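Q: Questions regarding the structure given below will be posed in turn.
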Amino acid sequence: MAVVVWGIAAAWYYAINDLTLSHYDAKAHLVVARRVIDNITPGWQQIGAVWLPLPHVLNLLPVQVDWFYRTGVSGVAISILSLAFGGYALVRMIARETGSSVGAVTALVLLISNPNLLYLQSTPMTELAAPVIFSVSAPSPQPRSRIISPGLGSRRVSRGSPRSETKRAFVE
């Protein structure tokens, strides 16, 4: 919740300084989402831009309302929620992998204090939304397995990592 409040504060700062739509791509993302329905030849083919389509699909209906389209508010809301979900996934992953709540909170503070990310989440651009959506969709790493090393005892190592593969080669 704190990340959402922090994201809204950052978005408000950029909005009052008239920077929400200052980047050309921010406007272009709104156009791509809007033209799927509001166009001479509407249809899903209009999504055919160089960007991944999921953020445009999420923004498809809101940008049909002129106020959302002209201000970019719906795209900013998607970006703020993406940052919040990404922060949540980061905290969970670090806390689970390291067992350190201090490390997890430190990582979150570093994430949300990055001015570049704060600007991106304050615009309707998909550069923040797409990677965060994909990272949240698969938040847990591969299952862990117990590797028994002669003379060293047993330790949990993720399957598939180079370290575990090397260990497995020596154990077998």
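Q: Inspect all residues belonging to region 116-127 and state whether any of them is modelled with pLDDT under 80 and either in a loop (DSSP other than H, G, I, E, B) or surrounded by 14 or more Cβ atoms within 10 Å (Cβ to Cβ) (or both).
A: Yes, the conditions are met somewhere in region 116-127.
Q: Please go through region 39-64 and give me each residue that is surrounded by 13 or more Cβ atoms within 10 Å (Cβ to Cβ) and either of a type in the set (A, V, I, L, M, F, W, C) or in a loop (DSSP other than H, G, I, E, B) (or both), ordered by number.
A: Listed by number, the residues that qualify are Ile47, Ala49, Trp51, Leu52, Pro53, Leu54, Val57, Leu58, Asn59, Leu60, Leu61, Val63.
Q: Residues of region 65-109 being farther than 15 Å from Ala10 by Cα, exposed (fewer than 15 other Cβ atoms within 10 Å of the Cβ) and aliphatic (A, V, I, L, M), which ones?
A: Val65, Val102, Val105
Q: So which residues in region 1-24 are over 14 Å from Gln121 (Cβ atoms) and not small (Gly, Ala, Ser), if there are any at all?
A: Met1, Ile16, Asn17, Asp18, Leu21, Tyr24
The values are calculated or read from the model by the stated rules, or taken from the named source; none is laboratory data. Keep in mind the model is a prediction, meaning the values are calculated, not measured. Cβ: placed from backbone, ideal geometry, glycine included. Neighbour counts: every protein chain shown.
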